[in-house]
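Step one of this worksheet: look at the structure below.
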Amino acid sequence: FVKLLVNAFGLKAEFDDNFDDVSEKDFFYKEAGIAKALGLIKGYGDGKFGPNDKITREDMVVIISRMLDMQGKGFEETGLSELDKFADKGEIASYAKEILASFVKAGIIKGSGGYINPKGNTNRAEMAVILHRILTYYINK
């Protein structure tokens, strides 16, 4: 995910260190270092990134939101009522509620079958769709 995000948005940053569990041999080494230097990803707080861990849908959106805010392109804040249409809105972490609501209002997150599935693991297809929607949103503005 981090490799896709950094490359899709052409993010750049100098960095001197990386996460303890990211090796220079890893195909995502550069992108993880850039994302860490920019503050997009913070890891687990013990110097670890967890490069083989899955990312939840709500965490993916939070990271994307940090990136958009950093570029001055964040979505406008909206009320949490945007989440009322999802049967599982109560499962959304408090740190992700406002962000998810703004992504729903902007049409970036649509859910499926009345669910937003915030704790579900993001797959590559979902990542690609979300990144495409964000890029398209800003191209069409």
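The values are calculated or read from the model by the stated rules, or taken from the named source; none is laboratory data. None of these values were measured; they are calculated from a predicted model. Cβ sites come from the backbone with ideal geometry, for glycine too, and all protein chains shown count toward neighbours. Just the protein is used for accessible areas: all its heavy atoms, side chains included, with ligands, DNA and RNA removed. Shrake-Rupley method; radii C 1.70, N 1.55, O 1.52, S 1.80 Å.
A few points about this structure:
- Selection from the range 118-134 of residues that are in contact (Cβ under 8 Å) with a residue 24 or more places away in the chain and out of contact with any strand residue (DSSP E or B) (no Cβ under 9 Å at 6 or more places or on another chain): Glu126, Met127, Ala128, Ile130, Leu131, Arg133, Ile134
- Within the range 110-141, the set of residues being at pLDDT below 95 and under 16 Å from Thr78 (Cβ atoms) comprises Lys110, Gly111, Tyr137.
- The residue pairs whose first member lies in the range 81-101 and is of a type outside the set (A, V, I, L, M, F, W, C) and modelled with pLDDT of 95 or more, whose second member is in a loop (DSSP other than H, G, I, E, B) and open to solvent by 80 Å² or more (accessible area, probe 1.4 Å), and whose beta carbons are closer than 9 Å, counting only pairs six or more residues apart or on different chains, are Asp88/Lys119; Glu91/Lys119; Glu98/Glu77.
- Residue in the range 74-86 that is open to solvent by less than 40 Å² (accessible area, probe 1.4 Å) and of a type in the set (D, E, K, R) present: no
- Screening the candidates Ile34, Ile55 for the property of being at pLDDT below 95 and more than 18 Å from Ile134 (Cα to Cα) yields one hit, Ile55.
- Options Lys3, Lys36: the member that is free of Cβ contacts under 8 Å to residues at least 24 places away in the same chain, open to solvent by less than 80 Å² (accessible area, probe 1.4 Å) and under 16 Å from the mean Cα position of the chain (by Cα): Lys36
- Residue list for the range 47-62, filter: touching a residue at least 24 places away in the same chain (Cβ under 8 Å) and open to solvent by 20 Å² or more (accessible area, probe 1.4 Å): Gly47, Lys48, Phe49, Pro51, Lys54, Ile55, Thr56, Arg57, Asp59
- Failed criterion for Asp69 (all others in (1) more than 26 Å from Val2 (Cβ to Cβ); (2) modelled with pLDDT under 95; (3) outside any loop (DSSP other than H, G, I, E, B) hold): (1)
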